[in-house]
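The values are calculated or read from the model by the stated rules, or taken from the named source; none is laboratory data. Being a predicted model, the structure only gives us computed values, none of them experimental. So basically every Cβ, Gly included, is an ideal-geometry build from the backbone, and we count neighbours across all protein chains shown. For accessibility, only protein heavy atoms count, side chains too; no ligands or nucleic acids. Shrake-Rupley method; radii C 1.70, N 1.55, O 1.52, S 1.80 Å.
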Amino acid sequence: MQEKQRLPPSWFVDIRLKFRHLQLLQALSRHNTLQSAAESLGLAQPAASRLLGDLEDVIGIPLFQREGRRLVINAYGSVLTRHANNLLDELDRTRDEFNALLSGGAGNVSIGAIDGPVVDLLTTAVLNIQRDNPGISLEIRTGSSIGLFHDLMNGDIDIMIGRPPEDTRSMACHYTPIGEEPMVIAARQNHPLFRKTTPVRLEDMVPFPWILQRKGGKSRSRLESIFQDRNLPLPKDIIGSDSLVMTLAYLEKTDALTVLSAAVANQQAKYRQIQIVSSDVNIAISSYGILMLKSRNQSRPTMTVLDELEKTLRPAIGD
């Protein structure tokens, strides 16, 4: 029986993997031709071709399928490219952390969060971090769990607060559950539905336009399943957007309905931006939590921020 091919323990040294090899793999993940990838690096195409040939010759397996001028990455190329991206990201983080120390700071930490925790929990944690660790520079971004998980896997954020994917990619992360995020249906002030004196039925909402998460989002999928369970047609007029700003602006100018985190909806209702619809619909979706990549060696500032987040979330997580 023929022994399966394996990479030798010294393959990394044997291939003399250089910074240019890593950059080429990253460029090829962003461009579909060798010419475009080479140009993005300021290389001539023959030089880029030699670099790629070095990799494939040592490994003994093609990393890309050639389809005319296009290069289509295969499973082996995906593995190597993912780790090349991680190495380059680590180098960027090393530079940023080093520069932060040189400038008198402690380092940079980026956090991605879905909207609900931003209102309820993250703001409190950020205030505590600024008070106790003023040298840490924070970057906060918001979005859907789908988009934030993509950012986490790509190394664009260090910590994610959201929902893990249901596929096996979540196994690449440490996950600390927080709890369920209550969701509500909301509309602008003086919406026609608020003329009713009884709880609004789902049937009453069908004729109105909606602005919801993009297809595949948890709250949108849950609402669609509720329509189906009640044998009701889905609203014909649905706009998909993960932007809270876009959602609020659209609600203000139309009779549209939306699904929001209860924390966000209560905050906006306090300032009379929207009003929560009292209805017979219970939109319960899966729990969310803190996600971090297992494969990344976390910096000291990142661990400091994580500790503060867990302190803030401890009542929800449980001791």
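Of all residues in the range 241-279, those satisfying the criterion of being open to solvent by less than 20 Å² (accessible area, probe 1.4 Å) and β-branched (Val, Ile, Thr) are THR247, THR258, VAL259, VAL264, ILE274, VAL277. Does ILE226 satisfy the condition of being more than 17 Å from ARG188 (Cα to Cα), open to solvent by less than 40 Å² (accessible area, probe 1.4 Å) and free of Cβ contacts under 8 Å to residues at least 60 places away in the same chain? Answer is yes for this residue. Are any of the residues in the range 171-182 free of Cβ contacts under 8 Å to residues at least 12 places away in the same chain and over 16 Å from GLU308 (Cβ atoms)? Looking for residues that are free of Cβ contacts under 8 Å to residues at least 12 places away in the same chain and over 16 Å from GLU308 (Cβ atoms), one finds at least one in the range 171-182, hence yes.
Considering only the range 146-159, I want to know if a residue exists there that is surrounded by 17 or more Cβ atoms within 10 Å (Cβ to Cβ) and on the phi > 0 side of the Ramachandran plot. Scanning the range 146-159 turns up at least one residue that is surrounded by 17 or more Cβ atoms within 10 Å (Cβ to Cβ) and on the phi > 0 side of the Ramachandran plot.
Kindly check whether there is at least one residue in the range 85-106 that is over 28 Å from ILE283 (Cα atoms) and at pLDDT 85 or above. Taking every residue of the range 85-106 in turn, none turns out to be over 28 Å from ILE283 (Cα atoms) and at pLDDT 85 or above. So the check is Cβ under 7 Å with 6+ separation or different chains; which pairs have a first residue in the range 10-36 that's under 26 Å from GLU67 (Cβ atoms) and modelled with pLDDT of 75 or more and a second one that's surrounded by 17 or more Cβ atoms within 10 Å (Cβ to Cβ) and basic (Lys, Arg)? From the range 10-36, no pairs qualify. Residues that are over 24 Å from the mean Cα position of the chain (by Cα) and farther than 24 Å from HIS83 by Cα: does the range 134-152 have at least one? Checking the range 134-152: at least one residue is over 24 Å from the mean Cα position of the chain (by Cα) and farther than 24 Å from HIS83 by Cα.
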